[in-house]
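Notes for the one structure printed next.
The values are calculated or read from the model by the stated rules, or taken from the named source; none is laboratory data. Bear in mind the structure is a predicted one, so any value in this text is a computation, not a measurement. When we count neighbours, we look across all protein chains shown, and the Cβ atoms used for this are built from the backbone with ideal geometry, even at glycine.
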Amino acid sequence: IYNNNNNNNNNNEITTERLKNRVKKVKNWTSPGNDQLHGFWLKYLTSLHEVLAKQLNEILQNGRIDKWLTTGKTYLIQKDATKGTKPGNYRPITCLPTIFKLLTGIIADNIMDYLKTKNILPVQQKGNKRRSRGTKDQLLIDKMILVNCKNRKTNLNMVWIYYKKAFDS
């Protein structure tokens, strides 16, 4: 989707309009990363949008990004105060720079648009899909299938896999 060798394709260019549309989705006062830039300022300093779009395009064209833009601030959040200060009782939260979140959000939007136009995304895919409730949608589908099989008195085999600490490193 982002190929710096393909000079004929301007669909991937970050236009000022595309940037403005993505900036609208940025939350105003969430914890910023090392850039210390809150979304509020990004939204209302509109005179910067054109220059910012050019700089983000330069990053995509060069394929290089400054380290400060990809470095996050990690905080350890205690899960349960009654369990003390054991290392396993903390979960890390990393705050990434707002500009980096903006760039990756634009890329994610472009990828989703590409998947839709090429009709690549399977209908069963619910995660990271717009206007989808993800897990809730899948649970409702499972329930409807279960009720249908029960009413028709047909066999149904199901497997539920629970990954404990699936996102722990």
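Check whether at least one residue in region 150-167 is free of Cβ contacts under 8 Å to residues at least 40 places away in the same chain and surrounded by 12 or more Cβ atoms within 10 Å (Cβ to Cβ), and report yes or no.
no
For the condition at pLDDT below 95 and over 21 Å from Val26 (Cβ atoms), Ala81 qualifies.
Just name the residue that is surrounded by the most Cβ atoms within 10 Å (Cβ to Cβ) out of those in region 60-99 that are over 29 Å from Lys165 (Cα atoms) and touching a helix residue (DSSP H, G or I) at 6+ places or on another chain (Cβ under 7 Å). Only one residue fits best here, namely Ile99.
Only a single criterion out of (1) over 17 Å from the mean Cα position of the chain (by Cα); (2) of a type outside the set (Gly, Ala, Ser); (3) farther than 14 Å from Cys95 by Cβ is not satisfied by Thr74, namely (3).
Can you confirm whether Leu56 is of a type in the set (A, V, I, L, M, F, W, C) and assigned to a helix (DSSP H, G or I)? Reasoning before the result, please.
Values: of a type in the set (A, V, I, L, M, F, W, C): yes; assigned to a helix (DSSP H, G or I): yes.
For Leu56, the condition - of a type in the set (A, V, I, L, M, F, W, C) and assigned to a helix (DSSP H, G or I) - is met.
For the residues Ile141, Ile145, Ile106, the requirement of being in a helix (DSSP H, G or I), touching a residue at least 40 places away in the same chain (Cβ under 8 Å) and surrounded by 12 or more Cβ atoms within 10 Å (Cβ to Cβ) singles out Ile106.
Filtering region 114-127 for residues that are in contact (Cβ under 8 Å) with a residue 12 or more places away in the chain and under 28 Å from Lys25 (Cβ atoms) leaves a non-empty set.
Only a single item in (1) touching a Phe, Trp or Tyr at 6+ places or on another chain (Cβ under 8 Å); (2) at positive phi is not met by Lys153, and it is number (1). Return a yes/no flag: does region 43-50 have any residue that is more than 30 Å from Lys165 (Cα to Cα), in contact (Cβ under 8 Å) with a residue 24 or more places away in the chain, among the aliphatic types (A, V, I, L, M) and not in a helix (DSSP H, G or I). Checked region 43-50: no residue is more than 30 Å from Lys165 (Cα to Cα), in contact (Cβ under 8 Å) with a residue 24 or more places away in the chain, among the aliphatic types (A, V, I, L, M) and not in a helix (DSSP H, G or I).
Of the residues making up region 112-132, those that are more than 15 Å from the chain's Cα centre (by Cα) and not in a loop (DSSP other than H, G, I, E, B) are Tyr114, Leu115, Lys116, Thr117. Among the residues of region 22-41, just one is in a helix (DSSP H, G or I), under 15 Å from Leu52 (Cα atoms) and either touching a Phe, Trp or Tyr at 6+ places or on another chain (Cβ under 9 Å) or not assigned by the TED database to the domain that holds Ala53 (or both), namely Gly39.
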